[in-house]
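Derivation of every value follows stated rules applied to the coordinates shown; laboratory data play no part. This structure is a prediction, so every number in the text was calculated from the model and none was measured. Cβ atoms come from the backbone with ideal geometry, glycine included; neighbour counts cover every protein chain shown.
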Amino acid sequence: METEIRSLGEPGFVGDDSVLPFEVDGLDVRGRTVQLGPMIDAILGRHAYPEPVARLLAEAIALTVLLGTSLKFEGKLIIQTKGDGPVDLLVADFSTPGDLRAYARFDPERLQAAQEAGRTSPPELLGNGVLAFTIDQGAYMQRYQGIVEMKGESLEAMAETYFRQSEQIPTVVRLSVAELFDRDGEGNPRHSWRAGGIVVQFLPQAPERMRMPDLPGGDAPEGSEVHDTDDDDSWAEAKALVGTVEPGELTDPEVGAERLLFRLFHERGARVYTPVPVFDRCSCSRERLGEVLEGFTAEEIADSVEDGVITVQCEFCSTAYRFDPAEFGA
C-alpha cells in the first residue's frame with residue numbers, strides 16, 4: 001500500500017530504478033514517474049540489441065514499470081506488441097512487487113533494410129498489429145486483457161488510447177530513452193542506456209467531470225450534467241504542464257524524479273508517496289524448465305539433444321540451462 005511520506009520539496013531523493021507515485025490535489029490528478037539506469041542498461045546490454053530495437057524495448061520497459069507498480073495485488077502486468085514490422089515482438093513482464101524482465105524479437109535483414117531506408121519510427125518498425133495489456137492475478141483468477149490497434153506515432157500515444165478506450169481514464173504518457181557515452185575511471189570509452197517516463201491521470205471525485213467527447217458518460221448519475229474532459233480547466237492545465245517536459249528531463253540524473261515533479265507541480269502542492277524499487281529479475285528456473293521438458297515425448301526429447309545434452313536458453317535473461325536427456329527417459 002502506498003504511504004504518503006511528504007509534500008514535494010521536502011528533503012529526499014529517489015534516484016534510479018525506483019518509481020515515484022505522486023498526487024496533485026489542486027488538479028485532481030495522480031501519477032507516477034521513474035528514471036531507469038543500471039536496471040535497463042543491464043537488460044539491453046545483455047542482448048546487444050541494435051539501437052532502434054533497444055530504444056523501443058526501453059520505452060516498453062519504462063511504461064510497464066510505471067503501470068505495474070500501481071497493482072494493488074500479487075500478480076503480473078505484461079505489455080506486449082505483436083505486429084508485422086521488422087520488430088515483430090516486444091514483451092515487458094512485470095511481477096509484483098518490483099521484478100521486471102523484457103525481450104524483443106526482430107528480423108535482422110528487414111531491420112537493416114529499414115535502417116538503410118531511414119524507416120525507423122515506431123510505426124515503421126512495429127508495423128500493423130496490436131498492443132496488449134495483460135493483468136494476471138494468479139492461477140485461480142481469470143486474466144484480464146485489453147487490446148488496442150497499433151495506430152499512432154509512439155507507444156505513448158498507443159498507451160493513451162488504451163486508457164481512453166478500455167479504462168475510460170483521461171491519461172497523458174511521456175517516455176524517453178537516452179544513450180550515454182563517457183569514459184570510466186581508467187579513461188576507457190563507456191556506453192550505457194537510460195530511460196524515463198511519467199504517467200498522469202485525471203481522477204476527480206465527481207465522475208461526471210471525466211466524460212470524454214468520443215466515449216459515453218461512464219458512471220455519471222442519470223440526468224446529471226456532464227461536461228467534456230478536454231474542457232476541464234484542471235485537466236487542461238495538467239496536460240499543458242506535462243507537455244512542457246523535455247525528453248532529456250526524463251532521463252537526466254541531474255534532474256531526478258522529485259526535481260522534475262517540483263518543476264511541474266510545486267505551485268499546486270504536489271505530494272509524493274513511498275518509492276517502489278524495480279529490479280532486473282527473471283522468473284525462469286531450472287525446475288520450471290524441467291517441468292516443461294517432462295511433458296515432451298521421447299521423440300521430442302531425442303530431437304532436443306545436441307552434443308549429448310539438452311540446452312535451453314531463456315529468451316529474457318539469456319541464462320542457459322543444461323539437462324541430461326536421461327532425466328526424461330520415462
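Quick look at the numbers
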| item | result |
| --- | --- |
| Set of lysines with alpha-carbon distance to K82 below 16 Å, sequence-local pairs under 8 removed | K151 |
| The chain: most fluctuating residue of G187, G256, G37 per GNM, C-alpha cutoff 10 Å | G187 |
| Choice from I135, I79, I61 showing the highest fluctuation, given a GNM over the chain with Cα pairs closer than 10 Å | I135 |
| Region 286-328: relative contact order in percent, alpha carbon pairs under 8 Å with at least 6 residues between | 34 percent |
| Between region 135-198 and region 265-330, the alpha-carbon center distance in angstrom | 23 Å |
| Loop chymotrypsin sites (Phe, Trp or Tyr not before Pro), region 40-103, which have at most 14 other Cβ atoms in a 10 Å radius of their Cβ (DSSP) | F73 |
